[in-house]
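Reviewing the structure listed below.
The values are calculated or read from the model by the stated rules, or taken from the named source; none is laboratory data. All values reported here derive from a predicted model rather than from experimental measurement. Because the Cβ atoms are built from the backbone with ideal geometry, glycine has one as well, and the counts that use them run over all protein chains shown.
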Number of protein chains: 2
Amino acid sequence: MVRRQARATSFDVAALAGVSQPVVSRAFTPNSRIAPETRERVLEAARKLNYVPNSIASSLTTKRTNIVALILGNLANPFYVHVLHAFSKRMQAEGRQLLVFTVDPGADSDEAILHVLKYQVDGVILTAAQLSTRMISICHDRGIPIVLFNRYIPGSDASGVRCDNAGGGRLIAEAFLAAGAKTFAMITGDPKGTTSQDRARGFVERLLEEGIKRSDIIEVEGQSSYEGAASAALSIFKDKSRPKPDALFGINDIMAMGAIDALRSRLGLSIPNDLMVGSFDDIPEARRAPYQLTTVRQPIDRMVEETLSILHLDEPDLPIERGIDRPIQGRLIWRNTIPVPPAYRFEKTDESGS
Amino acid sequence: MVRRQARATSFDVAALAGVSQPVVSRAFTPNSRIAPETRERVLEAARKLNYVPNSIASSLTTKRTNIVALILGNLANPFYVHVLHAFSKRMQAEGRQLLVFTVDPGADSDEAILHVLKYQVDGVILTAAQLSTRMISICHDRGIPIVLFNRYIPGSDASGVRCDNAGGGRLIAEAFLAAGAKTFAMITGDPKGTTSQDRARGFVERLLEEGIKRSDIIEVEGQSSYEGAASAALSIFKDKSRPKPDALFGINDIMAMGAIDALRSRLGLSIPNDLMVGSFDDIPEARRAPYQLTTVRQPIDRMVEETLSILHLDEPDLPIERGIDRPIQGRLIWRNTIPVPPAYRFEKTDESGS
DNA sequence: GTGAAAGCGCTAACAT
DNA sequence: ATGTTAGCGCTTTCAC
């Protein structure tokens, strides 16, 4: 019994059904001109032969593969797992497939894109780090739309969908201030990434407005990871030269979790009594009992919708939408890592909506 | 500026390089008969035109797409995220791509397979739940190898790679016994899945050997999720009709984490003083400070290798390997959720190897 | 509503 | 080493 057995083709089905081959094609194409009874006969023959249309072959003429590339950077951050899941469900529902690439965090995606192009994907969604503007032009020139998810390249032709990161950073600062924090620290992620920069910028801006000096806001890099944030947090509290902060902004949830775990287990700190913590993303893990993070929720579903609307996969003939930067408002979810000031008390309804 | 711009084809490149079209094909095919200087000239022309070979078109003749389908069930369990990552890296390294499908946990994968077949994938890796044997034959008949990852269908034609789950269950039982546990409970996952069944079976078997009565081992379903395990754990400890267990086996790490978080936060239990906990998988989260799980490590890398060797994507002409069940030994990782008995003390070297 | 013919972009066989 | 020819399985005109 040897592999590479003959697969039934539309010709086989046509022969069995007693029709010409194009009729088989029509039988599998919705809204095509074919008599209902003919279609039924063809489908019956197809069933008998276990015939499955070859979409590789049809792509050759239609110039559509119904494949969308998703380039992922940091799977160690559950946020991107949820992004993957959201896109996957959405794509499958519309009969498209996801070709998934993983790129090492920090590495550039140019090579991934090159591989993607070979497969004539209908669109590219990129969540990973660096991408040269040359690659963006190459995609655009070939008619392949590309959307950056949760990042943007200022002044470039690439379109992007993201959370309003600066605004979210302000929300956390606001919450800290309302809870009476006086001294601040933040653990940032990829220093080259706009996402981390923007969140930090919004956070700092709001504090500066309150008259807090920039030099009094401690800033340590946490390499966008649980482990990186854990050691960053310890370094902040072990630094004898500076006063201890009473509020810590973790640039994302997974880093806040790393910081909290380290500070509790190594230094015995209690959250929020010894230190309040705010973060960003609202991944499902954020609501688990040990964390109960007060965080800014990224509205993934809406971001996915926006991404798809920019890609407009259903209207391939429309021009590619270039240079769009679509920031979407995040929402502060009050949980337990920042004491809720009396004025906000009524807002602490956290597990609803998105 | 209109989309669907002409992409350069091998004819365009041929014309620019002053050669015939097949020569372009050869220039992009390693080990093909072409003069080095001709190849260079062609590649130069290709570069000028941003030419990228169309693998969709080449698949039509070669009958190889270099696409492998990965069907994922439960992305909420980080174990499968790591599986995805491992396969993705491995596939990319050999120039193959992953077409990812997500299937709701519990749902069957037949429809996913049908979609997969349209794309003429070179192989299928399935981590999700149910799959009819009919689908397996359809794949096999078309020459598409399929491997079940971390599951198997007894007596079927499908091949599978998995951890030695029963053996792992025994390891946990053994550890509990060595630590002096007397009363036991387990939180199981999908009751229809062999993985959960086997782990539980091995666990119970070992306890029975010690003369413990089956009816004295509490068993509650935890729906394979963090949340499900959390409520399962609470139900065990709220049941006044039975004695409290002093050892709890979580069928996987994520469920053990859910159980631990619930028991600590809701009932104030201390691990391992009030209750020892053992589990399975050794996901990276298992070593985090709040958990420090004693667990059975699944050797993902070896399992991935075995999967690929069964698929033998490089030798498509070999017959498909059917009905293989390849169990791979797991290894007990001692951390802090089971007190280490003196005799084992030296073994507590956990963060090495796989 | 159906069939005949051409062609998508490439690789494989053969001829030179 | 290179060119010529055919054909992978489908969709798309265009006749009928």
For the structure I just gave you, tell me whether B:Ala86 is more than 16 Å from DNA strand C (Cβ to nearest atom) and under 40 Å from the mean Cα position of the chain (by Cα).
yes
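Across segment A:8-29, what is the number of residues that are free of Cβ contacts under 8 Å to residues at least 40 places away in the same chain, within 14 Å of another protein chain (Cβ to nearest Cβ) and more than 12 Å from DNA strand C (Cβ to nearest atom)?
2
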Run B:Leu313 past the list (1) of a type outside the set (Gly, Ala, Ser); (2) more than 12 Å from chain A (Cβ to nearest Cβ); (3) part of a loop (DSSP other than H, G, I, E, B) and report the number of the one that doesn't hold.
(2)
Within segment A:268-296, which residues are over 20 Å from the mean Cα position of the chain (by Cα) and over 16 Å from A:Gly258 (Cβ atoms)?
A:Gly268, A:Ser270, A:Pro272, A:Asn273, A:Asp274, A:Met276, A:Ala289, A:Thr294
Among what's in segment B:159-170 and is surrounded by 24 or more Cβ atoms within 10 Å (Cβ to Cβ) and among the hydrophobic types (A, V, I, L, M, F, W, C), pick the residue that is farthest from B:Pro319 (Cα to Cα).
B:Cys163
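Tell me which residues, restricted to segment B:1-14, are surrounded by 16 or more Cβ atoms within 10 Å (Cβ to Cβ), among the aliphatic types (A, V, I, L, M) and more than 10 Å from DNA strand D (Cβ to nearest atom). Before the answer, list the steps.
Filtering segment B:1-14 for residues surrounded by 16 or more Cβ atoms within 10 Å (Cβ to Cβ) gives B:3, B:7-10, B:12-14.
Subsequent filtering for residues that are among the aliphatic types (A, V, I, L, M) retains B:8, B:13-14.
Of everything in segment B:1-14, those that are surrounded by 16 or more Cβ atoms within 10 Å (Cβ to Cβ), among the aliphatic types (A, V, I, L, M) and more than 10 Å from DNA strand D (Cβ to nearest atom) turn out to be B:Ala8, B:Val13.
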For A:Val42, the lone unmet condition from (1) at pLDDT 95 or above; (2) under 30 Å from A:Val147 (Cα atoms); (3) within 12 Å of DNA strand D (Cβ to nearest atom) is (2)
Report whether or not A:Ile138 is assigned by TED's automatic domain parsing to the domain that holds A:Leu318, surrounded by fewer than 21 Cβ atoms within 10 Å (Cβ to Cβ) and in contact with a Leu (Cβ under 9 Å, 6 or more places away or on another chain).
yes
Residues being in contact (Cβ under 8 Å) with a residue 40 or more places away in the chain and touching a helix residue (DSSP H, G or I) at 6+ places or on another chain (Cβ under 6 Å): count how many of those fall in segment A:153-166.
6
Taking B:Tyr51 and the conditions (1) surrounded by fewer than 13 Cβ atoms within 10 Å (Cβ to Cβ); (2) near DNA strand C (Cβ under 9 Å from one of its atoms); (3) at pLDDT 95 or above, which numbered condition does it fall short on, given that it satisfies the others?
(1)
Which of the strands (runs of 3 or more DSSP E) contained wholly in segment A:187-291 include at least 3 residues that are within 14 Å of chain B (Cβ to nearest Cβ)?
none
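When the residues of segment A:340-354 are narrowed to those that are buried (at least 16 other Cβ atoms within 10 Å of the Cβ) and of a type outside the set (Val, Ile, Thr), which ends up modelled with the highest pLDDT?
Taking segment A:340-354 as the starting set, the residues that turn out to be buried (at least 16 other Cβ atoms within 10 Å of the Cβ) are A:340, A:344, A:350.
After this cut, where a residue has to be of a type outside the set (Val, Ile, Thr) as well, the list is A:344, A:350.
Details: A:Tyr344: 72, A:Asp350: 57.
Ranking the candidates gives A:Tyr344 first.
Each row is one residue, and each column tells you yes or no for (1) modelled with pLDDT of 95 or more; (2) over 23 Å from B:Asp164 (Cα atoms).
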site	(1), (2)
B:Val204	yes, no
B:Lys213	yes, yes
B:Gly228	yes, yes
B:Lys240	no, yes
Which of the residues belonging to segment A:238-260 are free of Cβ contacts under 8 Å to residues at least 60 places away in the same chain and either surrounded by fewer than 21 Cβ atoms within 10 Å (Cβ to Cβ) or not assigned by TED's automatic domain parsing to the domain that holds A:Gly189 (or both)?
A:Lys238, A:Asp239, A:Lys240, A:Ser241, A:Arg242
Per-region count, segment B:15-29, residues more than 7 Å from DNA strand D (Cβ to nearest atom) and either within 15 Å of B:Pro53 (Cα to Cα) or aromatic (Phe, Trp, Tyr) (or both):
5
